[in-house]
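Engineer: Sending over a structure as structure tokens; questions will come in a sec.
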Amino acid sequence: MVQIGSARLNESGKTTGGKAGDQTAREVSTQAWYMHIKGWIVLRAKDPAVREKIAYAMAAACANEHIGYCQSHRTGATLAAAPYGYDPACIQQDTETDCSELVRLCCLYAGIKVPSFNTASEKTVLEKTGHFTVYTDGEHCNGPERLLRGDILVTRTKGHTVVVLSDGAAAAQERAAVPAAQPTKETKAEPAKAYNKALAGTYRTTAALHLRAGAGKSKASMTVLPKGTAVKCYGYYTVTNGARWLYVQASVQGVNKTGFCSGDYLERT
């Protein structure tokens with residue numbers, strides 16, 4: 001069964017009002033794919049890595065009960081996630097979003113910089129980025145079989161938008177039919193400059209923390225690790241402006257990434 005995720009309605013079943021945060025665990029949540037009465041259009045990111053990031057961000061938002069629904073305060077979750085590389089998992093205050101702004105937040109997390117849009121303008125705005133293929137045919141839009149995890153669905157007229165969180169039954173054939181896009185080039189971390197065996201071990205982040213390509217806040221952020229993430233250090237580090245940055249490895253969405261984390265926000269386990 002294909003699963004989708006979206007921001008739906010507030011705790012009273014309305015589009016505005018209510019308390020910040022998800023009061024029912026259904027305001028921003030997952031559900032089985034269904035055929036919307038207004039019909040779907042499929043927007044598929046050309047890069048599989050981007051699709052995976054879009055899906056991750058939607059799943060993270062659906063799991064974070066700090067994120068509720070309200071059209072009047074729709075940009076709240078986007079603003080709250082901005083300091084953390086737009087990762088919805090890192091939001092730690094009660095806030096709000098709506099269906100199209102949440103899809104925008106997922107795109108921002110995936111590295112696609114898009115302005116605010118609604119469901120009426122979503123297809124046009126996303127298509128203009130050059131990152132998406134648009135499907136309007138019945139094979140892709142009238143059933144879940146050909147959908148891929150990370151696809152974005154939007155109604156043909158103003159209405160609703162969701163992100164696909166699991167592959168359809170014909171996903172393997174769908175991937176084989178379209179040449180894979182070149183993967184996004186990954187940022188590589190600088191080498192560490194010092195070693196101390198006593199620093200080797202496993203740590204946990206004490207706050208949402210950037211994994212950076214080098215030692216220092218000016219270095220590029222490779223991702224944001226949620227509070228409590230386990231990281232491994234083999235004893236390598238770099239000191240910058242008197243602060244020690246550990247060279248660590250962390251599992252991010254099932255992929256090991258290596259970079260620098262500030263030692264001020266790591267505790268040994």
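The values are calculated or read from the model by the stated rules, or taken from the named source; none is laboratory data. From a predicted model like this one, the values you see are computed outputs, not experimental measurements. Every residue, glycine among them, receives a Cβ derived from its backbone with ideal geometry; neighbour counts consider all protein chains shown. For the accessible areas, the whole protein counts, side chains as well, though only heavy atoms, and no ligand, DNA or RNA atoms are used. Shrake-Rupley method; radii C 1.70, N 1.55, O 1.52, S 1.80 Å.
Engineer: Could you tell me whether region 84-107 includes any residue that is touching a strand residue (DSSP E or B) at 6+ places or on another chain (Cβ under 7 Å) and among the aromatic types (Phe, Trp, Tyr)?
Structural biologist: Within region 84-107, one or more residues are touching a strand residue (DSSP E or B) at 6+ places or on another chain (Cβ under 7 Å) and among the aromatic types (Phe, Trp, Tyr).
Engineer: Of all residues in region 50-72, how many are outside any loop (DSSP other than H, G, I, E, B) and either crowded, with 19+ Cβ neighbours inside 10 Å or β-branched (Val, Ile, Thr) (or both)?
Structural biologist: 16
Engineer: Taking region 111-134 only, how many residues are in a loop (DSSP other than H, G, I, E, B), open to solvent by less than 60 Å² (accessible area, probe 1.4 Å) and touching a strand residue (DSSP E or B) at 6+ places or on another chain (Cβ under 7 Å)?
Structural biologist: Residues meeting the conditions: 1.
Engineer: Further, regarding this structure: How many residues does region 227-242 hold that are open to solvent by less than 80 Å² (accessible area, probe 1.4 Å), part of a strand (DSSP E or B) and over 21 Å from residue 83 (Cα atoms)?
Structural biologist: Within region 227-242, residues that are open to solvent by less than 80 Å² (accessible area, probe 1.4 Å), part of a strand (DSSP E or B) and over 21 Å from residue 83 (Cα atoms) number 5.
Engineer: Go through (1) modelled with pLDDT of 95 or more; (2) over 20 Å from the mean Cα position of the chain (by Cα) one by one and return the number of the condition residue 31 breaks.
Structural biologist: All conditions pass for residue 31, except number (2).
Engineer: Pick from region 73-95 the residues that are over 12 Å from residue 109 (Cα atoms) and hydroxyl-bearing (Ser, Thr, Tyr): which of them is most open to solvent (accessible area, probe 1.4 Å)?
Structural biologist: Once the filter is applied, the top-ranked residue is 75.
Engineer: Do you know which residues across region 29-53 are in contact with a Ser or Thr (Cβ under 7 Å, 6 or more places away or on another chain) and either hydroxyl-bearing (Ser, Thr, Tyr) or closer than 22 Å to residue 158 by Cα (or both)?
Structural biologist: Of everything in region 29-53, those that are in contact with a Ser or Thr (Cβ under 7 Å, 6 or more places away or on another chain) and either hydroxyl-bearing (Ser, Thr, Tyr) or closer than 22 Å to residue 158 by Cα (or both) turn out to be 36, 38, 39, 40, 41, 44.
Engineer: Consider residue 30 carefully, then state whether it is open to solvent by 20 Å² or more (accessible area, probe 1.4 Å), in a strand (DSSP E or B) and polar (S, T, N, Q).
Structural biologist: It is true that residue 30 is open to solvent by 20 Å² or more (accessible area, probe 1.4 Å), in a strand (DSSP E or B) and polar (S, T, N, Q).
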